[in-house]
1. How would you order 40-46, 73-79 from highest to lowest mean count of nearby Cβ atoms within 10 Å?
2. How much FRET efficiency would the formula 1/(1 + (r/R0)^6) give for Arg90 and Val36, where r is the Cβ-Cβ distance and R0 is 30 Å, rounded to 0.05?
3. Using a 7 Å offset from the Cα along the Cα-to-Cβ direction at both Ile123 and Phe60, what is the distance between the two label points in nm, to one decimal?
4. Once fully extended, how much extra length lies between Leu80 and His138, figured as 0.36 nm per residue of separation less the alpha-carbon to alpha-carbon distance?
Amino acid sequence: MFAGIISDFTDKLDDFSGHWWFLLVILAIAFFDSVVPIVPSETCVILGGVAAAQGHYPLFAVIGAGAVGAFLGDNAAYELGLKAKPWFERRAAAREKTRKRLDWAKEQIADRGGLLLITARFIPGGRTALTVSSGITHQRRSWFIGWITAAVLIWATYAALLGFIGGKAFEDDHTKAFIVAFGSALGVNLVIELVRHFRKTSHAVENPSE
């Protein structure tokens, strides 16, 4: 029974993602996920990758839709941070906790640079926090755009390829294609979260006073 439900669900996803306008859905969701991190943008790009493997549209179109949507969304988040900068500065002057958070954000961006933007793109919620923080701390726009361009291209290519490879491996079984692609994405995200957890724990042990 459960297998039947999963099969029906993936069949509907397959039908939905097989239309050309699904590329516009990918672009829109990638945009909104960058600003409000509650929308599953990776899922949509993976679906697009599976559909590309089935010949509905080219793989590069999926990568392009995801990358353009994410790029526009990240820049919108940067603008939000830029506009909110005066409010945060006033709050930081009045509250030590806010000031410490702003100082921490500046230090992280200064120490780890653009590579942090690439890493954060693979962390739902984390990417929004960092792009908004880049605006609040008034990072150079040219620097931000350069690194964000690299980040969204890497991210969109990774997600689309997961779907494409899964779709090619199981051309005759769409249910398995979706499960393998989503399982791979979840596995990668789990590894990233574990690495972040151990690094944070290690830092806390080495710097107990912070």
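1. Ranking, from highest mean packing down: 40-46, 73-79.
2. Efficiency for this residue pair is about 0.75.
3. 3.4 nm
4. 19.8 nm
Every number here is computed from the coordinates shown, using simple stated rules; none is lab data. What you see is a predicted model, and the numbers here were worked out from it, not measured in a lab. All Cβ positions, even for glycine, are placed from backbone atoms using ideal geometry, and neighbour counts span all protein chains on display.
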